[in-house]
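What follows is a short report on a single structure.
The values are calculated or read from the model by the stated rules, or taken from the named source; none is laboratory data. Keep in mind that what you see is a predicted model, and the values were worked out from it rather than measured. In this analysis, Cβ positions are derived from the backbone assuming ideal geometry, glycine residues included, and neighbour counts consider all displayed protein chains. Accessible surface is based on the protein model in full, side chains and every heavy atom, while ligands, DNA and RNA are left aside. Shrake-Rupley method; radii C 1.70, N 1.55, O 1.52, S 1.80 Å.
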Amino acid sequence: MQREKFGSRLGFILISAGCAIGLGNVWRFPYITGKYGGAAFVLIYLVFLVLLGLPIMVMEFAVGRASQASVAMSFDRLEPLGTKWHWYKWFGMAGNYLLMMFYTTIGGWILLYVFKMAGGEFEGKNADEIAGVFGNLMEKPGLMTICMILVVAVCFGIVCMGLQKGVEKITKKMMILLLALMVILAIRSATLPGAGEGIRFYLLPDFKKAAESGLKEVIFAAMGQSFFTLSLGIGAIAIFGSYIDKKRRLTGEAVCVTVLDTCVALIAGMIIFPACFAFGVQPDSGPSLIFITLPNIFNSMSGGRIWGTLFFLCMLFAAASTVIAVFENIIAFAMDLTNCSRAKAVVINLIAIVILSLPCILGFNVLSGFQPLGAGSNVLDLEDFIVSNNLLPLGSLVYLLFCTSRYGWGWKKFCEEANEGEGIKFPKWTRIYVSYILPLIVLFIFVQGYWSKFVG
């Protein structure tokens with residue numbers, strides 16, 4: 001079966017960025033930026049983004065393009081004879097399924113909130129009542145299941161249309177709309193009375209504030225965010241490398257994707273910080289920011305119903321772009337492993353994802369007594385922990401070692417693939433850093449994740 005290709009370079013960049021751009025750009029980045037000193041943290045984060053995230057993204061792209069396959073077959077095709085690198089494919093595939101087991105549920109919440117905000121459900125409600133709306137939703141597994149199924153069905157429907165006619169065509173429009181809406185919201189937030197203090201906090205570095213949080217803590221947080229924001233390590237990015245030609249060097253493409261992902265995170269901060277400072281609200285992290293804190297702000301804002309609806313449309317596009325990209329990866333597994341048709345792969349996986357997403361939904365109600373990571377935790381927390389704290393760092397370590405070790409694909413073959421075409425070259429003088437220092441940093445991030453979760 002001939003492998004499909006992207007119709008344009010822009011499509012490849014926007015779809016790869018869509019996979020990387022997710023809800024973490026909105027509900028985690030602003031929170032930790034505020035916690036660790038504002039602009040000073042952002043500068044440190046950007047440094048680590050280049051040092052950590054960028055090289056691994058180039059490696060994922062290179063493995064995908066050289067193998068012309070998803071993670072289900074890429075290691076099989078590139079590994080030296082007799083080695084067992086292909087064993088990782090089962091963990092990579094599991095990571096994509098696990099990510100969708102909770103991401104589709106959150107996507108369903110956002111879809112529902114678009115209609116709630118547009119319908120004026122939050123108007124006239126106080127802070128406790130707005131929090132109660134989200135709390136009541138958690139007690140309705142039937143409604144959450146319907147919303148989740150809608151998200152899954154629509155996104156798989158787009159994937160079923162094909163790479164160019166479905167995934168590329170629709171995701172390009174969705175990403176352009178996402179960026180346009182976010183810029184509009186950022187401008188509106190910046191013009192709120194009292195927003196200036198939030199803008200200064202966000203854009204003017206104050207290293208004294210970072211020092212107050214502890215330099216070690218700030219560095220750990222910046223390393224973690226720069227590493228996790230690009231969704232590296234489970235082959236979710238590698239699949240798009242298999243869909244592009246060899247006209248462009250991969251470092252330049254990775255830079256474009258990274259810059260776009262970073263711009264979305266930075267614009268999200270420009271939406272949230274001025275608004276929070278204007279209304280005297282501390283930005284939270286996680287679902288409470290999106291579904292409780294921000295609706296309170298929109299409720300207090302002139303024209304808040306319109307601005308709130310636009311915001312949740314942004315969130316819907318951000319979530320859907322990730323879901324579509326990962327669904328494309330998931331159906332590629334089936335096609336690569338069984339040579340089945342795209343339509344058949346979509347039908348089977350649609351049913352599978354719906355069933356696999358149910359534990360996350362039930363974890364907030366029927367299975368609320370199951371608290372796997374301690375008091376107050378739930379199934380979503382467990383699934384997120386397995387992906388974010390385990391499969392992403394360990395998977396990235398596998399890609400690093402595979403591309404640099406003489407027992408894997410090897411440095412020479414990786415560089416040849418990464419540097420074929422026009423554009424920015426992957427610097428060969430970084431070999432010592434990429435081969436020996438970067439793997440130790442990734443391993444450190446993995447250990448630090450466990451330490452902060454269970455000890456610190």
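Some points to look at:
- Selection count where residues are open to solvent by less than 70 Å² (accessible area, probe 1.4 Å), under 21 Å from the mean Cα position of the chain (by Cα) and of a type outside the set (Gly, Ala, Ser), scope the stretch 435-456: 5
Matching residues to (1) at pLDDT 85 or above; (2) in contact with a Ser or Thr (Cβ under 9 Å, 6 or more places away or on another chain); (3) over 30 Å from residue 93 (Cα atoms); (4) of a type in the set (A, V, I, L, M):
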{"position": "211", "(1), (2), (3), (4)": "no, no, yes, yes"}
{"position": "229", "(1), (2), (3), (4)": "no, yes, no, no"}
{"position": "239", "(1), (2), (3), (4)": "yes, yes, no, yes"}
{"position": "245", "(1), (2), (3), (4)": "yes, no, no, no"}
{"position": "256", "(1), (2), (3), (4)": "yes, yes, no, no"}
{"position": "273", "(1), (2), (3), (4)": "yes, yes, yes, no"}
{"position": "277", "(1), (2), (3), (4)": "yes, no, yes, no"}
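- Scanning the stretch 25-44 turns up no residue that is farther than 20 Å from residue 232 by Cα, surrounded by fewer than 22 Cβ atoms within 10 Å (Cβ to Cβ), modelled with pLDDT under 85 and polar (S, T, N, Q).
- Which listed residue is among the basic types (Lys, Arg), in a helix (DSSP H, G or I), open to solvent by 80 Å² or more (accessible area, probe 1.4 Å) and out of contact with any strand residue (DSSP E or B) (no Cβ under 7 Å at 6 or more places or on another chain), from 412, 425: 412
- The residue that is surrounded by the fewest Cβ atoms within 10 Å (Cβ to Cβ), counting only those in the stretch 68-124 that are over 21 Å from residue 286 (Cα atoms) and β-branched (Val, Ile, Thr), is 83.
- Any hit, the stretch 341-357, residues being touching an Asp or Glu at 6+ places or on another chain (Cβ under 9 Å), closer than 18 Å to residue 144 by Cβ and open to solvent by less than 30 Å² (accessible area, probe 1.4 Å): no
- Residue 95 falls short on exactly one of the conditions (1) closer than 24 Å to residue 410 by Cβ; (2) in a helix (DSSP H, G or I); (3) of a type in the set (Gly, Ala, Ser), and that condition is (1).
- Selection of the stretch 259-309 for residues being without any contact (Cβ under 8 Å) to a residue 40 or more places away in the chain, crowded, with 21+ Cβ neighbours inside 10 Å and aliphatic (A, V, I, L, M) yields 294, 297.
- Among the residues of the stretch 112-123, some residue qualifies, meaning at least one is in contact with a Phe, Trp or Tyr (Cβ under 6 Å, 6 or more places away or on another chain), β-branched (Val, Ile, Thr) and either outside any helix (DSSP H, G or I) or modelled with pLDDT of 95 or more (or both).
- Selection of first residues in the stretch 412-425 that are over 19 Å from residue 242 (Cβ atoms) and of second residues that are among the polar types (S, T, N, Q) and part of a loop (DSSP other than H, G, I, E, B), restricted to Cβ pairs under 9 Å at least 6 apart or on distinct chains, gives the following pairs, ordered by first then second residue: 425/419.
- Scan of the stretch 175-187 for residues that are under 17 Å from residue 274 (Cα atoms), open to solvent by 50 Å² or more (accessible area, probe 1.4 Å) and touching a residue at least 60 places away in the same chain (Cβ under 8 Å), ordered by number: 183, 184
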